[in-house]
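J.: Let me give you the structure first, and then I'll get to my questions.
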Amino acid sequence: MARSSADNSILWARGLTKAFGQVPVLRNLTVGIYDGEATAITGARGGGKSTLLHCLAGILRPDSGEVWFNSRPLHTLPDKARARLRQQWFGLVFPEGQLVAELTAAENVALPLLFPGRDRSGAFSEAKAWLERLDALDCAELRADQLTRDQTQRVAIARALVTSPRVIFADNLSEGLCGREVDSILRLLLAIIRSLGTTLLLTTCDPRVTAYTDRELILRNGQMTSTGNQAWL
Amino acid sequence: MGAITDQSWSLRGRPWGLGLLVAGVAVELATLASWRATGNGSIIPVQIVGYLVTLTGWIGWISWLLERTGKLIRGRRRRAAALMAAGRLEAHSRQLGQALAPIAIMAMLTGTGTALRVLSAGAYLPRGVLALLASAAIVAIIGTLAALLHTTSRILRVSQGSLAALHALGNPVKPLAHAILASNALATVVLATTGGMIGVLAALPLIPIGSLRPAPFAADASGLAPARGVLFGVATSFAFAVILTTAVTAASLLLMPTLRRAADSAVLRAPRNPGFE
C-alpha cells in the first residue's frame with residue numbers, strides 16, 4: 001500500500017504549529033496521509049498525537065501552517081464550513097467512545113444520519129446493519145452507559161462509518177481494551193476500510209495496533225519522523 | 001461481552017413518589033382532622049413535616065412521570081434533536097429519582113410516624129419529638145441537595161464529552177442546544193403544572209371552608225380570611241413550582257458553556273489522561 005508521491009495524499013499538513021498557552025505541542029510539522037492507507041501516529045504520551053489528529057480532522061485550528069483535505073484548505077475554512085466538511089467526509093472515534101449516554105447503541109449510530117434529516121426507519125436500519133458488521137448487533141438496544149468498553153468502541157466505530165466517510169480518525173482506539181479485543185476490533189476495522197477504500201489515521205502508544213497499519217509515523221518533540229515509507233517526507 | 005459498567009443507570013424508575021405524595025397529603029389532612037376535633041393546637045411543625053414529605057414525594061413521582069414521557073416521545077420522534085431531548089429527559093429523570101430514593105424513604109417514615117402521632121394525640125407534640133423532626137428535616141434537605149448536586153455534576157460530566165463528540169462529528173451546535181432546551185422546557189412545564197396542583201392540594205387544610213376556620217384565620221373579623229387562605233394556597237403552590245423549575249433552569253444554563261466549549265478538543269480526550277496526547 002505504500003505510495004511514493006505526495007500527489008497520492010488525501011490529507012496533508014505543512015508547517016503546522018500549535019501551542020497551548022506557552023507550551024508548544026506541534027513545531028513546524030509536515031505530514032501526508034495517503035488515500036486508502038492505514039496510518040498510525042505513535043509517540044510518547046503527552047507528545048501531541050491527539051492534537052495533531054484534531055488539527056488534521058479540522059476540529060482544532062492550528063496556530064500557523066496549512067492543512068489540506070482533497071484540495072480544500074481546512075486551515076482557512078470558517079467553523080461552520082469545517083463542521084459540514086467533517087460531517088460529510090470524516091468519521092471520528094474517540095478514546096472513551098464518547099457516545100451519548102442517554103441513547104441506545106442503535107440510536108447513537110443513527111444520530112449522524114438523523115441530524116442532516118435522514119428518515120428514521122432508513123437511519124435505524126442502516127445503523128443496525130453497521131452494528132451487525134461490527135459484531136455488536138446484540139447490544140443495539142442497550143443504552144450507551146450499559147455497554148462494555150469493547151462494545152462501546154465497536155458502536156463508536158459504527159457511528160464513524162455510518163456516513164460513509166473518506167477518512168476515519170481514531171484517537172487511542174485501544175485504550176482500556178485487552179489484547180484479544182484489540183485484535184478483534186482492528187481486524188474488523190481494517191477489513192471494512194480496505195473493502196470500502198477508506199483512509200484510516202489513528203493515534204496509539206500500543207505496538208499491537210501499529211502492527212495492523214501500513215505505515216507508522218512517529219511524533220517526537222512536536223515534529224514527525226517516519227518508519228516504513230519515508231519517501232514523502 | 002463482559003459486565004455492565006454502570007448498573008445504577010440501568011435500574012428502571014418506579015412510581016415510589018406517588019406513595020410518598022399520598023403520605024404527605026395524609027399528614028396535612030390528619031393535622032386538619034385533629035385540629036377540627038380539638039379546636040386548638042400548634043400545627044406549624046407538623047405542617048412543615050407534611051410539606052417536606054409532599055415535596056419529596058412530588059419529586060419522586062415527577063421523575064417517574066418525566067421518565068415515562070421521555071420514553072413515549074423517544075419511540076415516536078423522527079428528528080435527531082427530539083430523540084436526544086427525549087433520551088435526556090428519560091435518563092436524567094430516572095437518575096435524579098434514584099438519587100433521591102433513600103431520602104424519600106426516610107421522609108416517608110418520618111411523615112407516617114408524625115401522622116400517626118397526630119391522629120392518636122392531637123396536633124400537640126412533645127419538644128423532644130419536635131426537635132427530632134426538625135433534625136430529620138434538616139438532614140433530609142441537606143441530603144436532597146447533596147444528591148441533586150452529585151447527580152447533576154455527573155450528568156454534566158458525561159454530557160460534556162458526548163456533546164463535544166457530536167460537534168466534532170460535524171453536527172452543528174444549534175440542534176444540540178435545541179435538544180437540551182426542549183428537554184428542560186418540557187420538564188419545566190410538567191413541574192410547574194403538577195407543582196401548582198399539588199401545592200394547592202397541600203395547602204387545602206389552611207384554606208377556611210364555611211365555619212371551619214383554621215387557627216391562623218379563625219379570629220379574623222375583617223372577612224378576608226378565605227382570601228388569605230386561598231392566597232396562602234397559591235403562594236405555596238408557586239413555591240413548589242419554583243423550587244424545581246429553578247433547578248432545571250440552572251442545570252440547563254450549566255450545560256450552555258459546555259456547548260460553547262464543544263470545539264475544544266480537550267473535552268474529547270480520555271478523562272483518565274487529561275494531559276495533552
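J.: Quick check on segment B:111-130. Is at least one of its residues within 19 Å of the chain's Cα centre (by Cα) and at pLDDT 70 or above?
T.: Of segment B:111-130, the ones within 19 Å of the chain's Cα centre (by Cα) are B:111.
Still in the running and at pLDDT 70 or above: none.
Among the residues of segment B:111-130, not one is within 19 Å of the chain's Cα centre (by Cα) and at pLDDT 70 or above, which makes the answer no.
J.: I would also like to ask the following. Determine which member of the set A:80, A:49 is crowded, with 23+ Cβ neighbours inside 10 Å and on the phi < 0 side of the Ramachandran plot. Can you show your working first?
T.: Values: A:80 fails: crowded, with 23+ Cβ neighbours inside 10 Å.
From the options A:80, A:49, the qualifying one is A:49.
J.: If I filter segment A:56-72 for residues that are surrounded by 23 or more Cβ atoms within 10 Å (Cβ to Cβ), assigned to a strand (DSSP E or B), β-branched (Val, Ile, Thr) and modelled with pLDDT of 90 or more, do I get at least one hit?
T.: Yes, that holds for at least one residue.
J.: Still on this structure: Any residue at all in segment A:63-86 that is touching a strand residue (DSSP E or B) at 6+ places or on another chain (Cβ under 6 Å), facing chain B (nearest Cβ under 7 Å) and closer than 17 Å to residue A:14 by Cβ?
T.: no
J.: Now a separate question. With more than 23 Å from residue A:160 (Cβ to Cβ) and not small (Gly, Ala, Ser) as the only criterion, which of A:39, A:104, A:76 stands out? Walk me through it before giving the result.
T.: Working: A:39 fails: more than 23 Å from residue A:160 (Cβ to Cβ); A:104 fails: more than 23 Å from residue A:160 (Cβ to Cβ).
Answer to the check: A:76.
J.: Among the residues of segment B:162-180, is there at least one that is basic (Lys, Arg), under 22 Å from the mean Cα position of the chain (by Cα), within 14 Å of another protein chain (Cβ to nearest Cβ) and surrounded by fewer than 18 Cβ atoms within 10 Å (Cβ to Cβ)? Don't jump to the end; show me each part of the working.
T.: Taking segment B:162-180 and keeping what is basic (Lys, Arg), we get B:174.
Remaining after also requiring under 22 Å from the mean Cα position of the chain (by Cα): none.
Checking segment B:162-180: not a single residue is basic (Lys, Arg), under 22 Å from the mean Cα position of the chain (by Cα), within 14 Å of another protein chain (Cβ to nearest Cβ) and surrounded by fewer than 18 Cβ atoms within 10 Å (Cβ to Cβ).
J.: Here are some conditions: (1) of a type in the set (D, E, K, R); (2) crowded, with 18+ Cβ neighbours inside 10 Å; (3) free of Cβ contacts under 8 Å to residues at least 60 places away in the same chain. Residue A:187 meets all but one. Which one does it not meet?
T.: Failing condition for residue A:187: (2).
J.: Restricting attention to segment A:6-21, does a residue exist that is over 23 Å from residue A:173 (Cα atoms), among the charged types (D, E, K, R), modelled with pLDDT under 90 and outside any loop (DSSP other than H, G, I, E, B)?
T.: So far as segment A:6-21 goes, yes, one or more of its residues are over 23 Å from residue A:173 (Cα atoms), among the charged types (D, E, K, R), modelled with pLDDT under 90 and outside any loop (DSSP other than H, G, I, E, B).
J.: While we're on this one: Would you point out which residue out of A:97, A:36 is more than 14 Å from chain B (Cβ to nearest Cβ), in contact (Cβ under 8 Å) with a residue 40 or more places away in the chain and within 14 Å of the chain's Cα centre (by Cα)? Steps first, please.
T.: On the way: A:97 fails: more than 14 Å from chain B (Cβ to nearest Cβ).
Selected residue: A:36, the only one of A:97, A:36 that is more than 14 Å from chain B (Cβ to nearest Cβ), in contact (Cβ under 8 Å) with a residue 40 or more places away in the chain and within 14 Å of the chain's Cα centre (by Cα).
J.: I'd like to check something: does segment A:168-191 contain any residue that is within 11 Å of chain B (Cβ to nearest Cβ), among the hydroxyl-bearing types (Ser, Thr, Tyr) and not in a strand (DSSP E or B)?
T.: Within segment A:168-191, one or more residues are within 11 Å of chain B (Cβ to nearest Cβ), among the hydroxyl-bearing types (Ser, Thr, Tyr) and not in a strand (DSSP E or B).
J.: Identify, from the list B:69, B:5, the residue that is surrounded by fewer than 22 Cβ atoms within 10 Å (Cβ to Cβ), in contact with an Asp or Glu (Cβ under 9 Å, 6 or more places away or on another chain) and either away from chain A (no Cβ under 14 Å) or at pLDDT 70 or above (or both). Spell out the reasoning first.
T.: Working: B:5 fails: either away from chain A (no Cβ under 14 Å) or at pLDDT 70 or above (or both).
So the residue among B:69, B:5 that is surrounded by fewer than 22 Cβ atoms within 10 Å (Cβ to Cβ), in contact with an Asp or Glu (Cβ under 9 Å, 6 or more places away or on another chain) and either away from chain A (no Cβ under 14 Å) or at pLDDT 70 or above (or both) is B:69.
The values are calculated or read from the model by the stated rules, or taken from the named source; none is laboratory data. Note that the structure is predicted; figures quoted are calculated from it, not measured. Cβ sites come from the backbone with ideal geometry, for glycine too, and all protein chains shown count toward neighbours.
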